[in-house]
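Data block below; observations after.
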Amino acid sequence: MKPTELLKVAAIALLTSGLMVGCQQSSDEMTEVAVEEECQGATPEVRNAIYAAKLKNARARNLGADWEENAKIIEEAEQAAADCENVRAKILANKAEDAAAAAIAAMAQPMEVEEPEVVEESPYMGGYLVVSGDNLWNIAGQDTIYGNPFMWPLIYKTNSGQIKDADLIFPGQYFYIPKAKGPERAAAIEHAKNRGAWTIGQTEASDLDYLAQ
């Protein structure tokens, strides 16, 4: 082959190689452009979902119902949107919005305050079963009752429905023993000390006056 022909072949080979490289580079550049055009960030629908989640979470925060994890979920949604993972971004945004809405609803519910149970204080110390030989005087004088026999009118007044005469009680009767309060205690002692004459089987006028107080 002549030198001139060799030069022609070499030139053609070099030109062909350059065209192939150029075509390859052009193909790579087109691919990169296509990728860049494909990923354009969040869609309007996703952006609206993220905005709604942020707004709802802000309202929850103002009510003191902010959930720390909710802010993290919104950040994940924004990152997913930036990475063009729009489906995942919308799911996360909706999840954050729903959680914030639930927190707001919970704060709106009136708190149930348990009212303390009111335990009514009994007006009685207890009870006493009358046995043979008992009278109001010695019952009141017992240490387990009042320890003061002059307080017998308290027992009489509390159980007047079954005591016709304060000087006559019967075995088997059950008397409620009232608590001795200041004024009532003083009135009972005064009546016992100033009762006057009495007759068994008859209700004395002074006793009726005391019951009427």
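Fewest first, what order do Asp167, Asp98 take by the number of other Cβ atoms within 10 Å?
If I rank by nearby Cβ atoms, fewest first, I get Asp98, Asp167.
Select from segment 58-167 those GluC sites (Glu not before Pro) which occupy a DSSP coil region and have at most 14 other Cβ atoms within 10 Å, ordered by residue number.
Glu112, Glu114, Glu117, Glu120, Glu121
Which loop-located chymotrypsin sites (Phe, Trp or Tyr not before Pro) does segment 66-166 contain, where loop means any DSSP state but H, G, I, E or B and the Cβ has at most 10 other Cβ atoms within 10 Å?
none
I need Trp152, Trp198 ordered by Cβ neighbour count within 10 Å, fewest first.
Trp198, Trp152
Sequence neighbours fewer than 8 away in the same chain don't count; with that in mind, list the lysines whose C-alpha is under 24 Å from Lys193.
The reachable lysines, counting only those whose Cα sits under 24 Å from Lys193, are Lys157, Lys164, Lys179, Lys181.
Please say if segment 44-108 is rounded, prolate or oblate, where rounded means a/c under 1.5 for a ≥ b ≥ c the square roots of the C-alpha gyration tensor eigenvalues, and otherwise the choice is prolate for a/b larger than b/c and oblate otherwise?
Prolate, because a/c is 1.5 or more and a/b exceeds b/c.
Since every read-out is calculated from the coordinates, none of them should be taken as a lab result. Bear in mind the structure is a predicted one, so any value in this text is a computation, not a measurement. Neighbour counts run over all protein chains shown; Cβ positions are idealised from the backbone, glycine included.
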